[in-house]
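Take a look at the structure below.
Throughout, read-outs are computed from the coordinates displayed, never taken from laboratory work. Since this is a predicted model, take the numbers as computed values, not measurements. No Cβ is skipped: glycine too gets one built from the backbone with ideal geometry, and neighbour counts run over all protein chains shown.
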Amino acid sequence: MKPDEEARLTFRYPASLRDLLTEEAEANNRSLGAEIVHRLQMSFVKAVDRAMGIDDRLTLAIERLAAAVEKTNERS
């Protein structure tokens, strides 16, 4: 699969988790799918950060900055 191609994934998850994700998606001006993809991508960033020994506080700051930049880009 090419990096720019999209893959489809169907899975079951609790309705309570869907509700939480939906609330966060709305707060972040994303679709539910985009919120899930964003969170999955961030989990890989965290794994790399941990492997490199980057402090959790720095990781949180980077995540917040990335989210702010993403929101700014969406408004443009």
**Message:** Compute, for the chain, the length of the dipole vector about the Cα centre, with Cβ point charges of +1 (Lys, Arg) and -1 (Asp, Glu) only. Units Debye, rounded to 20.
**Reply:** 120
**Message:** Test of understanding: ordering Arg12, Arg57, Arg18 by Cβ neighbours within 10 Å, fewest first, what list do you get?
**Reply:** Arg12, Arg57, Arg18
**Prompt:** If exposed GluC sites (Glu not before Pro) are those in a DSSP loop with at most 14 other Cβ within 10 Å, what is the longest stretch of the chain that has none?
**Reply:** 7-76
**Request:** Assuming R0 = 35 Å, can you tell me the calculated FRET efficiency for the pair Arg75 and Leu20, based on Cβ-Cβ distance, to the nearest 0.05?
**Result:** 0.90
**Message:** Which of Met1, Met42 has the fewest other C-beta atoms within 10 Å, and how do the rest follow up to the most?
**Reply:** Met1, Met42
**Prompt:** If each of Ala27 and Arg39 carries a label point 7 Å out from its Cα toward its Cβ, how far apart are those two points in nm?
**Reply:** 1.1
**Order of Thr72, Thr22, Thr10, Thr59 under a 10 Å beta carbon neighbour criterion, fewest first** = Thr10, Thr72, Thr22, Thr59
**Message:** Output the 0 to 90 degree angle, nearest 10, between the alpha-carbon long axis of helix 32-52 and the longest principal axis computed from the alpha carbons of the chain.
**Reply:** 30
**Complete:** Distribution output for the chain: share of Cα-Cα pairs per 10 Å bin in percent, first bin at 0, values 15, 41, 37, 8
